[in-house]
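Quick notes on the structure that follows.
Derivation of every value follows stated rules applied to the coordinates shown; laboratory data play no part. Model, not experiment: these values are computed from the prediction. Neighbour counts are summed over all protein chains in view; Cβ atoms, including those assigned to glycine, are modelled from backbone coordinates with ideal geometry.
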Amino acid sequence: MGAVNNVLVVGAGIGGLGAAAALAQRGIDVDIIEIRPHSTVFGVGINQPGNSLRALRDIGVLEEVKAAGYEFDGWRFKDYKDNLIVDVPSGTGDDEIPGNVALTRRDLHDILIGAVERAGVEVRYGVTADELDDRGDSVHVTFSDGTTGLYDLVAGFDGIKSRIRGQLFGETHRPVYTGYAVWRVTIPRTGPPRLGGIYQGINAKGGYIPLNEREMYLFLVTPEPQDQRYEKEQFPDLLRERLEQFEGIPAEVREQLGPHSEIVYSPLTEVLLPEPWHRGRIVVAGDAAHACTPHITQGAGMALEDATVLADELDKDWSVEEALVAFAKRRYPRAKLVQDVSRGILNAEMQVVSDDALSHAVEHMAAELPGQVGGVDAILRQPA
Ligand SMILES: Cc1cc2nc3c(=O)[nH]c(=O)nc-3n(C[C@H](O)[C@H](O)[C@H](O)COP(=O)(O)OP(=O)(O)OC[C@H]3O[C@@H](n4cnc5c(N)ncnc54)[C@H](O)[C@@H]3O)c2cc1C
């Protein structure tokens, strides 16, 4: 007998959909609500390293993800002049799980929605929870469409700007802007097979991630002022300017940019809630509890691991309180590691402000990167 019979999941993003599937697959009654009117997906593509693929396997969708996406085994690091620095294998996979599968966000969403529906759960779109009243033995929820519900647990997977995190823990734990943003655009696939690419520039880092046989996406990390708003029409010119120094694939992309280019601009913010991540019968997880920069492509992986670990802990023969304490204890160190490593890489790459600094960085990367990446991957290869 698990700790709960029914759960409300707030937010049908990657983590919320994963949690709804994982909980329902364990026989728990699940409702899931999403504030957006339909299953809109922003962003471009998304890489899923081996540990995230393990969570997707637990939810039963690994084969679909592999079929929709592109498997690759490592990263080719170059400098902005297209000189090879080092190839670094990805070590989060194993004999059964690839090191990485990248796919479009739309495909990942559709696959997760499929898993949720097969588990007998329907997403309610255009609905939020206006009021959460934790009565000790259950949570009474008033929805924005006027309906109500009574749940053993509410799980807030409501993203980095989580309202539920604010309600539970106050405004102390707000997302903090890093000073940097990412530009992304989908382009036809080129480059070596089975590798992603990273280009260290001066004051900027670019790269590409293959998405399927036909497409990949280019990304570029740049310093940008806080709260900077650019008009969408400016995006192609702004990205072209920021790619000016690059040779190789980023230069090819630069030449193709125009009004037709679907460019996405994302300021990078972080948040990390100290454990525990619950108050009473309400818990937050995914980006709502911990959001990192995308430097080791682990944000969604952490949200999906949260989903399966939460379901696992709630399935044990103990109380909700014990399950939620155990949940955050299992998750906090891993989420913090991922956030620290991701931020460390961002800091290091943005210290490259001159060709001299680049020479030092290149020497360091060639000597140290394989070992450093291998060390982090070895930890992430361990069960979540
Ligand atoms: C530039 C960039 C690149 C990235 N690349 C990668 C990558 O390659 N690999 C990777 O693993 N991760 C990547 N990430 C991180 C990843 O996108 C997030 O970590 C992941 O989406 C978190 O999932 P989530 O479900 O916690 O939150 P979200 O995906 O943000 O979902 C939250 C959902 O909750 C809904 N919601 C919000 N408020 C409410 C409310 N009040 N009521 C109901 N619903 C609500 C939202 O509409 C949304 O659908 C990247 C992030 C960025 C910014």
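Below is a table of values for the structure above.
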{"item": "Spatial separation of Cα centroids for the range 185-208 and the range 369-384, in angstrom", "result": "22"}
{"item": "Hull volume in cubic angstrom per residue (convex hull over the Cα atoms of the range 1-153)", "result": "146"}
{"item": "Above-threshold pairs, the threshold being 24 Å between Cα atoms, out of Lys66/Lys205; Lys161/Lys336; Lys161/Lys205", "result": "Lys66/Lys205; Lys161/Lys205"}
{"item": "Sorted by Cβ density within 10 Å, fewest first, the residues Trp318, Trp183", "result": "Trp318, Trp183"}
{"item": "Inter-label distance, nm, simple model (7 Å from Cα along the C-beta direction), Asp94/Ala67", "result": "2.5"}
{"item": "Coarse-grained scattering of the chain at q = 0.09 Å⁻¹, given as base-10 log I(q)/I(0) from a Debye sum over alpha-carbon atoms", "result": "-0.52"}
{"item": "Evaluated at q = 0.12, 0.19 Å⁻¹: base-10 log I(q)/I(0), Debye formula over Cα of the range 77-207", "result": "-0.84, -1.24"}
{"item": "GNM flexibility winner over the chain from Gly206, Gly69, Gly371 (Cα, springs under 10 Å)", "result": "Gly371"}
{"item": "Aspartates and glutamates whose Cα lies under 12 Å from that of Lys81, excluding same-chain neighbours fewer than 8 positions away", "result": "Glu244, Glu247, Asp355"}
{"item": "Footprinting exposure proxy for Val221, Val65, Val325 (fewest neighbouring C-beta atoms within 10 Å first)", "result": "Val325, Val65, Val221"}
{"item": "Least to most buried among Arg118, Arg165, Arg135 (fewest other Cβ within 10 Å first)", "result": "Arg135, Arg118, Arg165"}
{"item": "J(HN,Hα) series, the range 235-248, from Karplus relation 6.51 cos²θ - 1.76 cosθ + 1.60, nearest Hz, glycine and proline x", "result": "3, x, 5, 5, 5, 4, 4, 6, 9, 3, 6, 7, 10, x"}
{"item": "Against the rule of thumb 2.2 N^0.38 Å, how large the Cα Rg of the range 204-251 comes out", "result": "1.29"}
{"item": "Sites Asp87 and Glu244 - FRET efficiency at Förster radius 25 Å, r taken between beta-carbons, to 0.05", "result": "0.45"}
{"item": "From phi via Karplus (6.51, -1.76, 1.60), per-residue ³J(HN,Hα) for the range 100-112 in Hz, x at Gly/Pro", "result": "8, 10, 9, 8, 6, 4, 4, 4, 4, 4, 4, 5, 5"}
{"item": "Of the GluC sites (Glu not before Pro) in the range 165-246, those whose Cβ has at most 15 other Cβ within 10 Å and which sit in DSSP loop", "result": "Glu213, Glu231, Glu244"}
{"item": "Amide H within-cut-off set for Ala181, under 5 Å, with H built and near neighbours excluded", "result": "Thr222, Glu224, Leu268"}
{"item": "Ser39-Ala366 FRET efficiency (beta carbon distance; Förster radius 56 Å; 0.05 resolution)", "result": "0.80"}
{"item": "For peptides 272-284, 5-17, sequence by mean Cβ density within 10 Å, most packed first", "result": "5-17, 272-284"}
{"item": "Electrostatic dipole magnitude of the range 92-247 [Cβ: Lys, Arg +1; Asp, Glu -1; Cα centre; debye, to 20]", "result": "500"}
{"item": "Cβ-derived FRET efficiency at R0 35 Å, Asp29 paired with Lys329, nearest 0.05", "result": "0.85"}
